[in-house]
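A short write-up of the structure that comes next.
The values are calculated or read from the model by the stated rules, or taken from the named source; none is laboratory data. These numbers come from a predicted model, not from an experiment. Counting neighbours? That spans all protein chains shown, and the Cβs are built from the backbone with ideal geometry, glycine included.
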Amino acid sequence: MKKFICIMCPKGCHLSVDEENEYQVSGNSCNKGVKYGKAEATNPIRVVTSTVVVNTGVKSARCSVKTADGIPKGSVKDAMKVINRVRLQAPVSIGDVVVENLLDTGVDLVATSNLA
């Protein structure tokens, strides 16, 4: 039996997921908890947020970035190693793809702020 606190809404339901019974979820107050509990027990994913260095000419600045979708939880540390090596040249716009197909996950890393 795995236990999680659901993060799909502010209620924070305490979920129990029975791995031996087809991942039956209990403790949820809505269907979002069922979906979250099953996913967290079978294939946990995380959206990664960070910053990257941008050369703006005279100085460097940092641009916020995030993965466009969740990546496997076990890949987050390796993703951060890639993200920490990124160096961009200004201008950068919200939505620009910073790293395409991060770690072969099919998920892009995108800019979430503008820098001129």
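Observations on the structure shown:
- Meets criteria (outside the structural domain of Cys9 (by TED's automatic domain parsing), of a type in the set (Val, Ile, Thr), crowded, with 18+ Cβ neighbours inside 10 Å and under 14 Å from the mean Cα position of the chain (by Cα)) for Val107: yes
- The residues of segment 67-104 that are more than 25 Å from Thr42 (Cα to Cα), surrounded by fewer than 15 Cβ atoms within 10 Å (Cβ to Cβ) and of a type in the set (Asp, Glu) amount to a single one, Glu100.
- Of the residues making up segment 2-46, just one is in a loop (DSSP other than H, G, I, E, B), among the aliphatic types (A, V, I, L, M) and either in contact with a Cys (Cβ under 9 Å, 6 or more places away or on another chain) or in the same structural domain as Leu102 (by TED's automatic domain parsing) (or both), namely Met8.
Listed here are the residues, each with its yes/no results for (1) in contact (Cβ under 8 Å) with a residue 24 or more places away in the chain; (2) farther than 30 Å from Ser113 by Cα; (3) polar (S, T, N, Q).
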residue	(1), (2), (3)
Lys3	no, yes, no
Ser26	no, yes, yes
Lys38	no, yes, no
Val53	yes, no, no
Pro72	yes, no, no
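- Residue match in segment 36-47 (condition: charged (D, E, K, R) and over 21 Å from Met1 (Cβ atoms)): yes
- Residue list for segment 7-48, restricted to those being buried (at least 16 other Cβ atoms within 10 Å of the Cβ) and among the acidic types (Asp, Glu): Glu40
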